[in-house]
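To keep things clear, I will list the structure first and then write my remarks on it.
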Amino acid sequence: MNYQPTIIWEKGSAYDLFISLTILHQPEEYGLRPYWAAGVRSRIPMPLRDTLENFQKFIPVPLSFIYDLPEPKNACAVLAALKSLPPEERLLALTFGSKNDENTEVNKQFLLSLEGKQRLTAGIEAEIKDHLLSASRATKPAIRALFEAWANRTQFGEDLLAALEAYVTNFFEEEEVRILPAQTRALEEVQALANQKDMTSVLEELSAGVRIETISNVDNLIIAPSFWGAPFVFVDRLSEDTGIIVFGDRPAGTTLVPGDLVPDELLNALKALADPTRLRILRYLVERPLTPSELAKVLRLRPPTVIHHIHNLRLAGLVQVTISPKSERRYALRRHGVNVTIERLQTFLSGD
C-alpha cells in the first residue's frame, strides 16, 4: 500500500522525558537493566517517587500534551506548562491534551465526577477498566492509582509537578544533554528515508517491524524521534485526521546505561534467541503470520506464556507485527532482524 500522508516533522526531548519515566518503571518490559533503573528511581525522594510510580500506572506517554508544548519542547517547557496550570487541571492536560472529540468529553466528565469520592466501587472500577485503560494496563493497582489520583486531583497535581521537578533535577537534566544530538541525527535520517520510500515502508522500518493499521488512514502524520524508546513506537490519534508516531532510535552501539560495553539491541537479541520456545515460535512464523492464540494452540502453551515470549522477540526486532483497528496482533518472522543481529554480533566481536 502506497500510504503518503502529509508529514509534520517533530522533535523534542519532552518526549524522552516521559518515555524514560515509562521505561524506568517497567525496565524488564523494555530490556533495561532493572538494577540500574532502580538506581535512577532512588535519586527521587521517597514520597515523590511514589507519585511518579502511581502516575506511570495509569497515564501512557502524553503525546497530545507534548505536541502542544511551545518550542523548544524540552523538560523546561514541560515544567513551565504544568506550572502555568492550576493544580486541579494538570491531570486533565496530561491525560487528554487538546483532544476534544465526543469520546474524550465523556471520559473527562466521568473522571471529574470522581473528585472527592472516598470509595472505589465495583461500578467505578468497571467503567475505568472498560473505557479508560487498555487491556494491558487495566490491573488492580493501575485502577486504584487512577481512582485515587482523580479523587484527589488537586493534591495529585501539586505532588506530580514536584515529582517531575525532582526527576529533571536529579536525572533528566543531564540526560537531556546526551540525547539531543542523537534526536537530531535520527530525524535527519528518517527525513532522508521518507524521500526514498513510501510511508508504509518507512514506518515499518522505524518501528523494527510494526504495521499500524489503526493510524494508516490519517491525512496528517506527526513523526518524532526518541532516544529512549528504541525499538518501540508510541502512537496516538490526536484528531480524526491527525496521528502521531514517536519512534525509538539510538545510534548503533549506544546503550541506555552510559558506559556499558554490550549494546542493548545485541544483548536483547541474544537473550531472545537463547530459548528453545522462542526458536520454535520463529520456526512457525517462517511458514505464515500467526496470532498469539494460534501460536498457543500449536505450541500447546497458555496464551500469556506465548505473549511473554513474543514480547521478547519483538524487543529484539526479530518479529514483525501487524496491529489491526480491532487491536488484533498478527506476527511474522522479521528476517531483516535476524540478519541485523548476526551483523551486530560480528561487529561487536571484531571490536569495530
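Which one, Thr169, Pro5, Pro303, projects farthest toward the positive side of the charge dipole computed for the chain from Cβ point charges (K/R +1, D/E -1)?
Value: Pro303.
May I ask you to derive the relative contact order of the chain, considering only C-alpha pairs under 8 Å and at least 6 residues apart, and to give it as an integer percent?
Averaging sequence separation for qualifying contacts and normalising by length gives 20 percent for the chain.
I need the trypsin sites (Lys or Arg not before Pro) found in region 264-333, filtered to DSSP loop residues with at most 11 other beta carbons within 10 Å of theirs.
Loop-located and lightly packed - Arg300, Lys326.
Let me check I have the definition right: for the chain, take the eigenvalues of the Cα gyration tensor, multiply each by 5, take square roots. What are those semi-axes in whole Å, largest first?
32, 24, 22
Write down the percent of antiparallel bridges among all DSSP beta bridges whose residues are both part of the chain, to the nearest 5.
Details: 12 of 26 bridges.
Percentage antiparallel, nearest 5: 45.
What is region 225-352 by shape, rounded, prolate or oblate, if you read a ≥ b ≥ c off the alpha carbon gyration tensor as root eigenvalues and call it rounded for a/c under 1.5, prolate for a/b larger than b/c, and oblate otherwise?
Details: a/c = 2.21, a/b = 1.12, b/c = 1.96.
Verdict is oblate for region 225-352.
How would region 107-223 be classified by its alpha-carbon gyration tensor: rounded, prolate or oblate, with rounded meaning a/c under 1.5 and the a/b versus b/c comparison settling the rest?
oblate
Just want to confirm a number: the relative contact order over region 264-350, from Cα pairs under 8 angstrom separated by 6+ residues, in percent.
Dividing the mean separation by the residue count of region 264-350 yields 33 percent.
When the helices in the chain are scored as -39500 (n - 2.57) per DSSP H run of 4 or longer and the sum is shared across all residues, what 222 nm value do you end up with, to the nearest 500 deg cm²/dmol?
Working: 17 runs with 195 residues, N = 352.
So the helix-based figure for the chain works out to -17000 deg cm²/dmol.
Assuming a ≥ b ≥ c are the square roots of the Cα gyration tensor eigenvalues, decide whether region 168-304 counts as rounded (a/c under 1.5), prolate (otherwise, with a/b larger than b/c) or oblate.
It is oblate, given that a/c is not under 1.5 and a/b is not larger than b/c.
With +1 assigned to the C-beta of every Lys and Arg and -1 to the C-beta of every Asp and Glu, and no other charges, what is the dipole magnitude of the chain about the Cα centre in debye, to the nearest 20?
With only Lys, Arg, Asp and Glu charged at Cβ, the dipole is about 1500 debye.
Select from region 111-148 those GluC sites (Glu not before Pro) which occupy a DSSP coil region and have at most 12 other Cβ atoms within 10 Å, ordered by residue number.
Listed in order of number, the matching sites are Glu115.
Which ordering of Ile323, Ile8, Ile66 is given by a fewest-first count of other beta-carbon atoms within 10 Å?
Ranked by crowding around the Cβ, least crowded first: Ile8, Ile323, Ile66.
What is the sum of charges around Phe156, taking Lys and Arg as +1, Asp and Glu as -1, for the other residues whose C-beta is under 10 Å from the C-beta of Phe156?
Net local charge, Phe156 excluded: -2.
Using Cα positions and a limit of under 17 Å, work out the lysines in reach of Lys117, with same-chain residues fewer than 8 apart set aside.
By straight Cα distance, Lys117 reaches Lys108.
Whole-Å semi-axes of region 115-183's equivalent ellipsoid, largest first, each the root of 5 times a Cα gyration tensor eigenvalue?
Each semi-axis is √(5λ); the values are 32, 17, 8 Å.
Hey, got the dipole for region 264-350? About the Cα centre, +1 on K and R Cβ, -1 on D and E Cβ, debye to the nearest 20?
Approximately 360 debye in magnitude.
Sort Met199, Met46 so the one with the fewest other Cβ atoms within 10 Å of its own Cβ comes first.
Listing Met199, Met46 from fewest to most nearby Cβ atoms yields Met46, Met199.
Modelled label-to-label distance, Thr291 and Thr305, 7 Å Cα→beta-carbon offset: nm?
2.1 nm
What angle do you read, to the nearest 10 degrees and between 0 and 90, between the alpha-carbon axis of helix 276-287 and the longest principal axis of the chain?
Taking Cα atoms only, the helix is inclined about 70 degrees.
Here, each number is a calculation from the coordinates, and none is a lab measurement. Keep in mind it's a predicted model, so treat the numbers as computed, not measured. Reconstructed Cβ throughout: ideal geometry from the backbone, glycine too, with neighbour counts over all protein chains shown.
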